[in-house]
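> Once you've had a glance at the structure underneath, I'll fire off some questions.
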Amino acid sequence: MDIFNSFLSVIMHVLITVFLLFYLPIAWICRLTAFVFVKPFCKEDVRGKVALITGASSGIGEVSKFITNRYI
C-alpha cells in the first residue's frame, strides 16, 4: 500500500504541474481572445428579462431607466 501511495503522489504532482504549465496558459489565451474579439460583437437580447435599477430617481440610475425603457 505504501508503494501505491508513493506512486499516486508522484503521478498527481506531475499531472498538476503539466496542467498548470501547459493547459492554463492556453485556456487563458483562448478566453482573452474570445473576450477581446468576439464578446464586443455579440449583443444580448434583453427582451423578456427583468432589470432591477436601483437609484432611478437621479444620476446614472435615472439614465439607465430611460435607456432600458427604450429597448423594452
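> Quick one: grab the alpha carbon gyration tensor of the stretch 1-41, order the square roots of its eigenvalues as a ≥ b ≥ c, and give me rounded if a/c is under 1.5, else prolate or oblate depending on whether a/b is larger than b/c.
Values: a/c = 10.01, a/b = 5.28, b/c = 1.90.
Cα axes put the stretch 1-41 in the prolate bin.
> Nearest 10 degrees, 0 to 90: what angle lies between the long axis of helix 2-18 and the longest principal axis of the chain (Cα atoms)?
Tilt of helix 2-18: around 40 degrees.
> With angles folded into 0 to 90 degrees, how steeply does helix 59-71 sit against the dominant principal axis of the chain? Use alpha carbons for both and round to 10.
So the inclination is approximately 90 degrees.
> Quick one: angle between helix 24-37 and the longest Cα principal axis of the chain, in degrees between 0 and 90, rounded to 10, please.
Roughly 20 degrees between the two axes.
> Based solely on its DSSP helices, what 222 nm [θ] is calculated for the chain when runs of n ≥ 4 H residues each add -39,500 (n - 2.57) and the sum is averaged over all residues, nearest 500 deg cm²/dmol?
Values: 3 runs with 44 residues, N = 72.
Counting only the DSSP helices, I get -20000 deg cm²/dmol.
> Something else: Give the label of the value calculated from the structure for P(r) over Cα pairs in 10 Å bins from 0, in percent, choosing from [x] 15, 20, 18, 16, 15, 11, 5; [y] 14, 25, 26, 18, 13, 3; [z] 21, 44, 24, 10, 1.
Of the labelled values, this structure produces [x].
Coordinate-derived values only; no laboratory data. Source: prediction; values computed, not measured.
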